[in-house]
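The values are calculated or read from the model by the stated rules, or taken from the named source; none is laboratory data. Keep in mind the model is a prediction, meaning the values are calculated, not measured. Quick reminder, even Gly has a Cβ in these numbers, built from the backbone with ideal geometry, and neighbours come from all protein chains shown. With ligands, DNA and RNA removed, areas are computed over all heavy atoms of the protein, side chains included. Shrake-Rupley method; radii C 1.70, N 1.55, O 1.52, S 1.80 Å.
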Amino acid sequence: MTSENDVAGIVARIGQIKVDDPREIARVGEDAAAALVAAGAQPPFTVTSVDSTDRWLIFARQYWALRLRANPSITIAAACGAWLGSHIEQPDHRHEITQAWALEFGTRTRDTVDSPQDLAVATQQIMKDVDDPHAHLFATLFHASKLRANLWFDELHQFLQSPFATHDHDSGPLVLALRAYGAFGSRRLTTEYATGLLRQAWIAPSRLVTDVCLDALSVAPPFPGQRELLRAHAAEASATFPDDPDIRRRLATGQRMCGDFEAALSTIDAALRLLPVDNTDPVTRRCQRERELIQAGQLHATLMARIQRDSDELEAQRLRVQRRLVNPTSAMLPLWPLAVVTVVLLIAASRMTIVGAPDLRSRVELELTLGAGLLLFSAIPTLILLICRHRCVPGWWLRHADGSDHFTDGRRTGQGRSEPGQP
């Protein structure tokens, strides 16, 4: 059995680190945490800071991460919550660390979701033996984080309404945001209900609540106003957390979904400038992927706009040709004055006295022949266009003797559509 001196010696390794280098603290703390787990003991110290570089906070996080990785059950999660409740000095720090660790550890162990039977047994045991609201809250968020990471929307919403999830602790905005996440992804719950939960959770949201709410809008099946809602909330969050690259990425996603590719590209570039040049960082990879999606969407929009312009131009040309075919006499009107003028000139020329000219009868016959030929010549194009209109234009109007207009295209006659099988 491990004595208190052994536990004190293990913990002393952390205090003996000479430099405040998080990487050195993490290296030493990993060995010390494994030794403490093997000894069957919990960290005996109190955490007084939420600074990510604080050695005692780093060590405590390593210890509980190791415990939950070895046994990712809701029972160990409750034990972690109880330890936080008694070993975090400031109440606001206690609440912040409880939420952050529960979501992180639940996401990391998402492949080990408790079965409904095991969950029921464990939650009943915790409610019976553990009288600590921090333990209940941590266990609730831990299991909910697993369901969220696996996209089990209905199970998530149902669990957060269970007696265990609502027992002896204030649900707060984070639980409401998780409920909204489950409701948005569910195919059984309405968008209005999910939006109502989101509205309740969005009152002065923390960083974690903001992330869950924006994620809920991103994973929801398409619904009217979704894109605008995501863009508006992400813009508000980006103004509240201007140095957070992941929130800027959410804003870029909303702008891209709304078709504002120029703004989306500017936003994602600003997010990438806030990140280190490290392709292994998950946030960096997500931002780079989003930038690729924005560029692909921009290219697609450009091509579609070009296709639409070409289509509009072709449609305009088709309408111009159709108007000419439907009313071909308008195109032939310039030929009729030419024919009339030509006939008049011929008649005037025939009246001139020319030596050796034919007699009057011959001249008249010649003039009539020439006039008839010119008139026929000018009428031939009109006849050709009328034939083309009848054969090529699918619908054209003919005014009947009774003054009514009837549409005909070879299949339909009169004012209504003929039934199948009728002439």
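Overall, the accessible surface of the range 156-243 at a probe of 1.4 angstrom is composed of carbon and sulfur to the extent of 55 percent. Within the assembled protein chains, the solvent-accessible surface assigned to T240 is about 90 Å², based on a 1.4 Å probe. When the alpha carbon coordinates of the range 1-84 are projected onto the principal axes, the ranges are 36, 29, 21 Å, largest first.
Heavy-atom accessible area with a 1.4 Å probe sorts W64, W152, W56, W202, largest first, into W152, W56, W202, W64.
Between the alpha-carbon centers of the range 87-146 and the range 147-216, tell me the distance in whole angstrom. Each part reduced to its Cα centre gives a spacing of 16 Å.
Taking the square roots of five times each eigenvalue of the Cα gyration tensor of the range 25-129, the equivalent ellipsoid has semi-axes of 23, 16, 13 Å, listed largest first. Once the 1.4 Å probe is applied to the protein heavy atoms, the range 212-282 comes out at 46 Å² accessible per residue.
Element breakdown for the range 5-46 at a 1.4 angstrom probe: carbon and sulfur atoms account for 48% of the accessible area. Surface listing: K18, K146 arranged by accessible area from highest to lowest gives K18, K146, probe 1.4 Å.
Taking packing as the residue-averaged number of other Cβ atoms within 10 angstrom, the listed peptides 111-120, 266-275 run from highest to lowest as 266-275, 111-120.
Accessible area per residue was computed with a 1.4 Å probe on protein heavy atoms; M257 scores about 50 Å². Indicate the gyration tensor shape class of the range 240-330 (rounded, prolate or oblate), computed on the Cα atoms with a ≥ b ≥ c the square roots of the eigenvalues: a/c under 1.5 is rounded; otherwise a/b larger than b/c is prolate and the rest oblate. It comes out prolate by the Cα gyration axes. Once C-alpha pairs closer than 8 Å and six or more residues apart are averaged by separation and normalised to the residue number of the range 1-102, the relative contact order reads 26 percent. Annotation note: GluC sites (Glu not before Pro) in the range 45-121 located in DSSP loop regions with a Cβ neighbour count of at most 16 within 10 Å are E89. Kirkwood radius for the range 179-285, taken over all pairs of different Cα atoms as the inverse mean of 1/r, rounds to 14.2 Å. A 1.4 Å probe run over the protein chains yields, for the range 73-192, 44 Å² of accessible area per residue, whole-number rounding. For R61, R179, R110, the ranking by accessible surface with the largest value first comes to R110, R61, R179, using a 1.4 Å probe.
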